[in-house]
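I have placed the structure first, in the form of structure tokens, so that the comments after it can refer back to it.
The values are calculated or read from the model by the stated rules, or taken from the named source; none is laboratory data. Fair warning: this is a prediction, and the values are worked out from it, not measured in the lab. Please note: Cβ atoms are built from the backbone with ideal geometry, for glycine as well, and neighbour counts cover all protein chains shown. Keep in mind that these areas ignore ligands, DNA and RNA; they rest on the heavy atoms of the full protein, side chains included. Shrake-Rupley method; radii C 1.70, N 1.55, O 1.52, S 1.80 Å.
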Amino acid sequence: MHHQVDDNDADERRRAPQRQRRGGAMTAEEAAADPTVEILSIDPADAAFILGKGGSTKKKVARAAGVKLELDSSAMDAAAANNANGGDAGANSAPSPSHALYIKDKSEAKRRRAREYVGFVLQQRRGKIEVDFPSDGKPRDDLSIVEVPDDGCKAYITGKNGSVLRMMEEEWGTLMFFGRARDAKGELGEDALMVLGTRRARRGAELKVMSAVEHKVPGTFVDAATKTLREKLSQPGDDENDGFRYDVFPFERDEISYALGAQGSTRKKLAAASGAMLEYIGPLAVMAGTSGERKRCWDYLNWLLKQKNDPRLQIDPDGRDDVSIMPIPSGKAPRLQGSKGENIRSIERETSTFIVVNDVPGGARGDERLLVFGGEEKNRRRAMRLCEDAADGRYSPKSLNHGGGGRGGNDRADVCHGFQKTGKCRFGDRCKFSHASSGGGGRGRDDSRDRGRGGPDRGDRGRGGPRDDRPYARRDRDDRYDRR
């Protein structure tokens, strides 16, 4: 098969080696000759503000708009000097020549959007931001508005020097600020949180904000008596009938702490494995995404809560396309799972999967298998490779705060695998690794999960907590399904 090569793409490839030699910067001549580039003139102080610390603001705007942003080399030097001096350059100094900001993308609509976003960022430097709606009166398709109460919540959501909003922007690839929307008649609305970006990114950021506000002022978004959202979530794009919606799963009693995990690790794992956005808003779990993502997220959360009362829960994987099955070699289950299940929990975090240990149907007593669930097959395959390493004693679990991937191991191996296998070590007492037994482990979830769910001062310690004797038939998918 032959494909037609776009002339712009060919030119881009020819220019790439030259650009790499000079640090990736685009020259003025290249920008002027490129029909996919728009050039904005900005003054030095604005250049510093757009660049942000370490280039963070420029990257944020580019990601939210879906374009490539570059400052010319002189602007980069001036902005870096201005930021190093505390951002005061240009305030009382002599006028400096303007610099260029290059906006690159094939789509004219995206370039126009990036130009607007740059304008919003510069408005932040000068005061309150006003966002204009189209003259036809229709809502912007890149904007969600979240009403945040005034009683301390706006400062809580913003954080010191905007740190909380910046964290949410980084997580979801959005541009977020408090401002006022101007309708087609020119009338300004109330001050509210503006969230700009793609539909998926906006919904994720919206749920994150709602979770934080509901924690600060319970009852803002959730009716605790009925365990429902007070208002249906609605944003531009929700009426496209493409399956992108949200579902509401009400928690009971102490389930939310169990499903949250230490530092939110269990919630994050369920979201990563299913591919859905998952946030806990008061006593509700709200999951958003495509139909398949939401179904996976609902099932994984449902199974997780059932495991709390029934550690030997058996799951039927037949007919599912999100599961890989791995038999556990005889006698290797304790080593594979690690002490209190820490190996399994670590592998889940590394590979964005949800792993369940089940008995082999019709097998001999003690025959077990791993069910590795996840929306991405490549993640499931990697999880099984790491599980094989764990069963052979070649895997060291990563701590909850450890970042990055890699095949097994963390920054330091805690256990001497040679001593574990043979009972001997040629380094003796000088060995820097532990010769203590790693223990069997069994089926219990790890301490971090138990602490997050039940809390260190509560009686319920994860799976070992008191049983709820009520039947779980109502836990089936359709029973608690608030479909939007």
**OP:** With θ set to phi - 60°, apply the Karplus curve 6.51 cos²θ - 1.76 cosθ + 1.60 along the range 44-55 and write out the HN-Hα couplings as whole Hz, x wherever there is a Gly or Pro.
**Re:** x, 5, 5, 4, 5, 5, 5, 5, x, 5, x, x
Subject >> 3J(HN,Hα) from dihedral phi, the range 247-259, Karplus parametrisation 6.51/-1.76/1.60, rounded to Hz, x for glycine, proline >> reply: 10, 10, 10, x, 7, 10, 6, 9, 5, 5, 5, 5, 7
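What's the local net charge at Lys154, with K and R +1, D and E -1, over the other residues with C-beta under 11 Å away?
-3
Under 10 Å from the Cβ of Ala391, count the other residues' Cβ atoms, weight Lys and Arg +1, Asp and Glu -1, and hand me the total.
Numbers: positive: Lys332, Arg335, Arg394; negative: Glu388, Asp389, Asp392.
Taking every other residue near Ala391 into account, the sum is 0.
Leaving out ligands and nucleic acids, and using a 1.4 Å probe, what accessible area per residue does the range 246-324 come to in Å²?
31
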Original post:
On alpha-carbon atoms, Rg over Rh for the range 238-312 using Kirkwood Rh?
Top reply: 0.99
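How would you order 267-274, 354-361 from highest to lowest mean count of nearby Cβ atoms within 10 Å? Mind showing how you got there, number by number?
Values: 267-274: 22.6, 354-361: 18.1.
Ranked by mean Cβ neighbours within 10 Å, highest first: 267-274, 354-361.
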**OP:** Work out Dmax and Rg for the range 139-274 from the C-alpha atoms and quote the Rg first, both in angstrom.
**Re:** 15.7, 50
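Students often get this wrong, so check it: of Lys53/Lys110; Lys106/Lys232; Lys216/Lys340; Lys378/Lys398; Lys227/Lys308, which have C-alpha atoms separated by over 27 Å?
On the way: Lys53/Lys110 24 Å; Lys106/Lys232 36 Å; Lys216/Lys340 34 Å; Lys378/Lys398 20 Å; Lys227/Lys308 21 Å.
Those over the limit are Lys106/Lys232; Lys216/Lys340.
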Original post:
Based on DSSP, what percent of beta bridges with both residues in the range 102-210 are antiparallel, to the nearest 5?
Top reply: 70
Original post:
What's the center-to-center distance, using Cα atoms, between the range 227-257 and the range 42-60 in Å?
Top reply: 36
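For Glu231 and Ser291 in the same chain, what is the full-extension length gain: residue separation times 0.36 nm, less their Cα-Cα distance, in nm?
Details: separation 60, 0.36 × 60 = 21.60 nm, distance 2.14 nm.
Here the answer is 19.5 nm.
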Subject >> Under-5 Å amide H pairs with Val148, H placed in peptide plane, nonlocal only >> reply: Leu193
Original post:
Once amide H atoms are placed 1.01 Å from N in the peptide plane, what residues at a sequence separation of 5 or more from Val131, or on another chain, have their amide H within under 5 Å of its amide H?
Top reply: Arg180, Ala181, Arg182
**OP:** Mind giving me the nanometre distance, one decimal, between the label points for Lys138 and Glu30, set 7 Å out from Cα along Cα→Cβ?
**Re:** 3.7
**OP:** Hey, can you grab everything whose amide H is under 5 Å from the amide H of Val360? Only 5+ residues off in sequence or another chain; H modelled, so Pro and N-termini drop out.
**Re:** Asp367, Glu368, Arg369
Subject >> With DNA, RNA and ligands ignored, accessible area of Asp310 (1.4 Å probe; Å², nearest 10) >> reply: 60
Original post:
Out of every Cα pair in the range 230-273, what percent are spaced more than 16 Å from each other?
Top reply: 58
Subject >> For the range 238-342, size of Cβ-based charge dipole, Lys and Arg +1, Asp and Glu -1, in debye >> reply: 760
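Over all alpha-carbon pairs in the range 257-382, figure out the percentage whose distance exceeds 24 Å. Provide the component values of the computation, followed by the final result.
Numbers: 1978 of 7875 pairs.
That fraction is 25 percent.
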**OP:** Go through 283-296, 233-246 and give me the packing order, highest mean Cβ count within 10 Å leading.
**Re:** 283-296, 233-246
Original post:
At a 1.4 Å probe, what is the % contribution of carbon and sulfur to the accessible area of the range 239-320?
Top reply: 47
Original post:
Which ³J(HN,Hα) values, rounded to whole Hz and listed in residue order, are derived for the range 351-361 from phi using the Karplus coefficients 6.51, -1.76 and 1.60 in 6.51 cos²θ - 1.76 cosθ + 1.60 with θ = phi - 60°, glycine and proline given as x?
Top reply: 10, 6, 10, 10, 10, 10, 8, 10, 6, 7, x
**OP:** Using a cut-off of 14 Å between beta-carbons, work out the net charge of the residues near Glu38 (Lys and Arg +1, Asp and Glu -1, Glu38 not included).
**Re:** +1
